[in-house]
Amino acid sequence: LISIFKTLTGAGTARYTPYYPAECSIFGDEPPLNGIELLVDGDMEAADVSAWMAENGATLTKETGSPDSGLRSLRVSYNGTVEPAASQSILTVGRWYLIQGKVRMENTSGPVPQIKNGAAVIYSGVPYNVWYEFNVVFLAGDAKLSYGSDHSVAGWVEYDTMSTQRILLDNWTDIFDICQRVIPGGVRLNGIGWYDGGDAFAFADSPDGLG
């Protein structure tokens, strides 16, 4: 099973875990990404904000005070309209993506980071005023990816060290079915997926189980 899973997914390492009485799972050592970075200025090192589109009247600026890394971070500030954001239209509808990055709020008073794909919220963070990491896997329903907050009053959110890559999941259902067939009779495969640092992403029985 490990050998077949590695061959099908291209994983360098695979981890097989049995569960009593007759179940198992298998995970690769890294996400099956295509290696192409889609986000422009994801490291926020450009001096201006020309790579970004302001949403809901947001004020976009590059800040040099205390970025997560490098010299700059992107600040998205409320400017009279709720849910200010900075966006790029870089996705293909119907494909899976992994987005990662660092975010922080101005303060801990209540508003939280918010990431949208089109009109759909795919991530709501916590009101921390120190940098923390986010990782989101989602199926694109729109080309637009928006990084902002749920602010309805004055305030800001900052983003830095960000990445957006496509996950190669076009044949994931077939991979699951093949792995299930090579397991001895009576043993159920309850998940396949991959580890990414301290996070695990899994398909439980089918691609609809990604989580």
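A short reminder: the numbers here are calculations on the coordinates, not readings from a lab. Just so it is clear, the structure is predicted and the values come from calculations on it, not from any experiment. Cβ placement follows ideal geometry from the backbone for every residue including glycine, while neighbour counts extend to all protein chains displayed.
Structure notes:
- 9 Å beta-carbon shell around Trp131, net charge (K/R +1, D/E -1): -2
- Positive-end residue, the chain charge dipole about Cα centroid, Cβ charges, pick of Ile4, Met105, Asn135: Ile4
- Taking the charge dipole of region 94-207 about its Cα centre, with +1 at Lys and Arg Cβ atoms and -1 at Asp and Glu Cβ atoms, the residue from Ala120, Val182, Gly193 reaching farthest to the positive side is Val182.
- Net charge in the neighbourhood of Gly28 (other residues with Cβ under 14 Å of its Cβ; Lys, Arg +1, Asp, Glu -1) is -2.
- For the pair Tyr132 and Ser163, the difference between a 0.36 nm per residue extended length and the Cα-Cα distance amounts to 9.7 nm.
- Restriction of the GluC sites (Glu not before Pro) in region 7-104 to DSSP coil positions whose beta-carbon has at most 16 other beta-carbons within 10 angstrom yields Glu37, Glu45.
- Working note: 222 nm ellipticity from helices only, DSSP H runs with n ≥ 4, each -39,500 (n - 2.57), summed and divided by the residues of the chain, gives -2500 deg cm²/dmol to the nearest 500.
- Label of the coordinate-derived value, semi-axes √(5λ) of the Cα gyration tensor in Å, listed as (i) 32, 23, 15; (ii) 34, 25, 11; (iii) 38, 16, 15: (iii)
- Chymotrypsin sites (Phe, Trp or Tyr not before Pro) restricted to DSSP loop in region 90-157 with at most 16 other C-beta within 10 Å: Tyr128
- Number of Lys-Lys pairs in the chain with C-alpha atoms under 30 Å apart and a separation of 8 or more places or on different chains: 6.
- Dipole size of region 1-157 about its Cα centre, with +1 on Lys/Arg Cβ and -1 on Asp/Glu Cβ: approximately 180 debye, rounded to the nearest 20.
- In this structure, Met53 and Asp174 have a Cβ-Cβ separation that, at R0 = 45 Å, corresponds to a calculated FRET efficiency of about 0.75.
- Rough spin-label spacing in nm, given labels placed 7 Å along Cα→Cβ, for Asp199 and Thr61: 3.0 nm
- Farthest towards the positive end of the charge dipole of region 1-133, among the residues Gly94, Pro18, Val76, is the Cα of Pro18, using unit charges on the Cβ of Lys, Arg, Asp and Glu.
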